[in-house]
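The values are calculated or read from the model by the stated rules, or taken from the named source; none is laboratory data. These figures come from a predicted structure and were not determined experimentally. Every residue, glycine as well, gets a Cβ built from its backbone with ideal geometry; the counts of neighbours run over all protein chains shown.
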């Protein structure tokens with residue numbers, strides 16, 4: 001089971017561990033991360049888990065919904081259309097045909113049930129085409145292509161397969177979504193420190209260059225006055 005979060009960062013996260021709590025979803029959303037779930041489970045099971053995690057409202061009713069909040073993989077593929085490119089490696093040969101339909105779906109999508117590994121790959125490639133940053137968590141061999149396609153791949157350290165760990169960028173040793181939130185927090189902190197350091201260095205260098213040019217200007221100015229008096 002996976003979930004997704006977007007420059008907008010989209011994050012697809014594994015939900016099979018016991019430590020996945022609603023508060024972590026809220027923390028993720030507050031951090032500017034859009035969290036979505038993509039699972040091979042039935043639509044009823046997916047909705048139940050999504051409600052427990054805070055992805056869907058407790059009052060959500062699939063039968064009364066008139067948008068794309070919850071979909072099945074086959075409906076998703078049928079709506080956006082799929083183009084096969086035989087020149088790409090196996091597992092990466094699929095492309096989205098109708099990007100207008102994809103944009104319409106992705107603005108509402110919260111849960112994708114009965115999905116296949118190809119659905120994950122299509123979602124990630126489509127979001128990246130739209131300029132989003134995409135992260136994915138996975139634990140099986142069927143997640144390899146999607147993990148490789150994502151900007152950041154998270155593998156499960158306990159439940160994850162070796163091949164999934166090999167292609168991932170980060171391995172979650174405790175299989176806990178909270179670790180993803182903490183890694184994003186620390187990553188942003190490091191980025192902020194580097195940005196402030198570069199601003200400081202740039203300011204110092206600009207001041208140094210300005211003083212240097214002023215010194216050269218006054219040197220030649222007074223040198224010219226000296227030769228005129230002589």
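Some observations on this one:
- Among the residues listed as 188, 148, 195, the single one being touching a helix residue (DSSP H, G or I) at 6+ places or on another chain (Cβ under 8 Å), assigned to a helix (DSSP H, G or I) and surrounded by 10 or more Cβ atoms within 10 Å (Cβ to Cβ): 148
- Scope segment 102-116; condition modelled with pLDDT of 85 or more and not in a strand (DSSP E or B); matching residues: 102, 103, 104, 105, 106, 108, 109, 110, 114, 115, 116
- When 185, 228, 196 are screened for being at pLDDT 85 or above and either more than 30 Å from residue 97 (Cα to Cα) or under 22 Å from the mean Cα position of the chain (by Cα) (or both), only 196 passes.
- For segment 26-37, the condition holds for at least one residue, the condition being that it is more than 19 Å from residue 153 (Cβ to Cβ), under 17 Å from the mean Cα position of the chain (by Cα), surrounded by 17 or more Cβ atoms within 10 Å (Cβ to Cβ) and modelled with pLDDT under 75.
- Matching residues, segment 152-175, being crowded, with 16+ Cβ neighbours inside 10 Å and in a loop (DSSP other than H, G, I, E, B): 157, 160, 161, 168, 175
- Count of segment 40-86 residues which are touching a strand residue (DSSP E or B) at 6+ places or on another chain (Cβ under 6 Å), surrounded by fewer than 16 Cβ atoms within 10 Å (Cβ to Cβ) and part of a helix (DSSP H, G or I): 1
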